[in-house]
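Here is the structure we will look at.
The values are calculated or read from the model by the stated rules, or taken from the named source; none is laboratory data. All figures in this text were calculated on a predicted structure; none of them were measured in a lab. Using ideal geometry, Cβ is built from the backbone for each residue, glycine included, and neighbour counts are taken over all protein chains shown. Side chains included, ligands, DNA and RNA excluded: accessible areas come from the protein's heavy atoms. Shrake-Rupley method; radii C 1.70, N 1.55, O 1.52, S 1.80 Å.
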Amino acid sequence: MDVNQIFSKIEEQTEFVKMAEEFQYFFKEYEMGLLELTSDIEIIDLEWQARHGYSPFEHVKSRIKAPLSLRDKLNRKGIPITLDDIRANIFDIIGVRIVTTFEEDVYKICELLSGRSDLRIVRVKDYIKNPKPSGYKSLHLIVETELVLSEGVKWIPAEIQIRTLAMDFFASTEHKLQYKYNTRQLSDDIRKELRAVADASSELDRKMTEVRNTILLG
């Protein structure tokens with residue numbers, strides 16, 4: 001190997017190390033963004049408890065997409081693996097799922113999130129008013145959470161899903177049936193059965209809301 005080849009190899013290795021460091025810091029920013037987002041949600045919970053005497057949340061789950069999972073998504077969508085392309089096209093590297101008891105609380109939580117100055121709602125997909133063909137229901141938000149760093153303010157994108165316990169039960173079960181058991185192509189009969197379960201879940205939400213309203217009015 002001559003001198004030019006040696007220097008070329010060194011440059012390639014240096015560039016690889018630099019890229020690895022950039023990606024490492026990139027994911028750290030998203031980790032910090034997730035901390036900010038979950039903190040905002042905890043504050044909403046505490047304020048709600050102070051005002052109404054109960055927590056609107058049954059449970060809250062958060063996650064950050066693993067690097068390999070992100071790579072697979074980029075490959076599926078044909079997106080180049082560069083930081084600029086990721087920032088421009090991928091908005092769910094961090095995500096939070098909020099599960100409530102009552103359907104109307106889903107929209108109240110969305111209103112509280114939209115009223116925060118350190119959070120911006122970019123896009124809303126309402127699968128409650130417009131369910132998917134399978135019967136899946138949930139309110140999906142793409143948001144940006146404010147991250148204050150020494151170098152300035154950055155807005156980190158995230159996905160928030162808000163749904164009731166009944167909606168969450170159906171969504172989790174459907175996901176297991178379709179993906180965990182490698183049955184992405186379901187028969188028409190099974191799809192009808194799943195839709196019937198989704199309708200039953202919706203009826204449960206409606207009944208629970210009726211019961212709560214009766215208690216509040218009584």
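Quickly run through segment 68-111 and pick out the residues that are more than 17 Å from Y127 (Cα to Cα) and of a type in the set (A, V, I, L, M). L68, L70, L74, I79, I81, L83, I86, A88, I90, I93, I94, listed by residue number.
Annotation: K192 fulfils all but one of (1) basic (K, R); (2) within 17 Å of the chain's Cα centre (by Cα); (3) farther than 30 Å from E29 by Cβ; (4) open to solvent by 50 Å² or more (accessible area, probe 1.4 Å); the unmet one is (2). Which of the residues spanning segment 108-149 are at pLDDT 95 or above and aromatic (F, W, Y)? Within segment 108-149, Y127 is the sole residue that qualifies.
The set of residues in segment 65-78 being open to solvent by 60 Å² or more (accessible area, probe 1.4 Å) and in contact (Cβ under 8 Å) with a residue 24 or more places away in the chain consists of P67 alone.
Is it the case, given these coordinates, that I81 is touching a helix residue (DSSP H, G or I) at 6+ places or on another chain (Cβ under 7 Å), surrounded by 12 or more Cβ atoms within 10 Å (Cβ to Cβ) and at pLDDT below 90? Outline the logic, then answer.
On the way: touching a helix residue (DSSP H, G or I) at 6+ places or on another chain (Cβ under 7 Å): yes; surrounded by 12 or more Cβ atoms within 10 Å (Cβ to Cβ): yes; at pLDDT below 90: yes.
Yes, satisfied.
Give me the residue from segment 125-148 that is aliphatic (A, V, I, L, M) and open to solvent by less than 30 Å² (accessible area, probe 1.4 Å) and, out of that set, farthest from A196 (Cα to Cα). By that ranking, first place goes to L147.
Flag: A158 matches the condition of being of a type outside the set (D, E) and either open to solvent by 70 Å² or more (accessible area, probe 1.4 Å) or in contact with a Leu (Cβ under 6 Å, 6 or more places away or on another chain) (or both).
In this structure, L177 qualifies as in a helix (DSSP H, G or I), modelled with pLDDT under 75 and surrounded by fewer than 20 Cβ atoms within 10 Å (Cβ to Cβ).
On the given criteria, is K108 open to solvent by 60 Å² or more (accessible area, probe 1.4 Å), more than 13 Å from I44 (Cα to Cα) and among the charged types (D, E, K, R)?
Values: open to solvent by 60 Å² or more (accessible area, probe 1.4 Å): yes; more than 13 Å from I44 (Cα to Cα): no; among the charged types (D, E, K, R): yes.
No, not satisfied.
Inspection of segment 108-119 identifies no residue that is closer than 17 Å to L37 by Cα, touching a residue at least 12 places away in the same chain (Cβ under 8 Å) and within 13 Å of the chain's Cα centre (by Cα).
Quick one: is T145 closer than 22 Å to E42 by Cα, among the hydroxyl-bearing types (S, T, Y) and not in a loop (DSSP other than H, G, I, E, B)? Here the answer is yes, as T145 does meet what is asked.
Taking every residue in segment 33-49 that is β-branched (V, I, T) and pairing it with any residue that is open to solvent by less than 50 Å² (accessible area, probe 1.4 Å), at least 6 positions away or on another chain, the pairs with Cβ-Cβ distances below 7 Å are T38/V96; I41/V96; I41/I98; I44/I109.
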